[in-house]
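Have a look at the structure below, then the notes.
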Amino acid sequence: MYPELLAHIKRYVHLEPNEEELLCSHIQHKVLKKKEYLLEAGKLCMGDYFIVKGCLRQFYINKKLNEQIINFGMENWWISDQESLLNKQPSTTNIQAVETSELLFLSERVKLYYFRKYHGWKVTSA
């Protein structure tokens with residue numbers, strides 16, 4: 001089980017114990033070393049990453065060939081390239097670990113399955 005992820009999700013959605021187990025069975029654990037890339041421009045983003053520990057940065061290379069940071073991913077939050085996910089096109093951004101980081105991966109396919117199957121999930125007030 002992934003207590004940090006489940007606590008985060010439970011802030012927004014009610015999950016039954018069997019739903020928690022099923023969801024956790026589809027999560028993939030990943031560790032990145034400092035400066036290691038999670039996603040590189042030109043590659044397809046395949047899902048969302050929940051940051052258990054560490055920090056990541058999302059950036060692109062601008063016309064002057066400088067790195068332009070557009071997002072930081074902090075602990076207990078998500079990071080991905082939503083444009084790549086939604087449009088199913090190669091990413092225009094890079095995502096790189098600022099420090100050694102521990103992530104939980106939820107594929108877009110699995111996420112959509114849960115949204116369809118459990119459309120009755122009750123949203124809780126945060």
### Query
Within the bounds of segment 65-87, is there any residue that is part of a helix (DSSP H, G or I), of a type in the set (Gly, Ala, Ser) and either closer than 22 Å to ARG116 by Cα or touching a Pro at 6+ places or on another chain (Cβ under 9 Å) (or both)?
yes
### Query
What strands (runs of 3 or more DSSP E) completely inside segment 1-64 contain at least 3 residues that are in contact (Cβ under 8 Å) with a residue 40 or more places away in the chain and within 18 Å of SER107 (Cβ to Cβ)?
28-32, 47-53
### Query
If a residue has to be within 16 Å of the chain's Cα centre (by Cα) and open to solvent by 50 Å² or more (accessible area, probe 1.4 Å) to count, how many in segment 37-71 make the cut?
8
### Qualifying residues in segment 11-36 (those that are open to solvent by less than 60 Å² (accessible area, probe 1.4 Å) and aliphatic (A, V, I, L, M)) - the one nearest to TYR49 (Cα to Cα)
ILE27
### Message
Name the single residue that is modelled with the highest pLDDT among those in segment 88-111 being under 29 Å from GLU19 (Cβ atoms) and open to solvent by 60 Å² or more (accessible area, probe 1.4 Å).
### Response
LYS88
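The values are calculated or read from the model by the stated rules, or taken from the named source; none is laboratory data. Since the model is a prediction, treat every value here as computed from it, not as a measurement. Neighbour counts run over all protein chains shown; Cβ positions are idealised from the backbone, glycine included. What goes into the accessible areas is simple: the full protein's heavy atoms, side chains included, and nothing from ligands, DNA or RNA. Shrake-Rupley method; radii C 1.70, N 1.55, O 1.52, S 1.80 Å.
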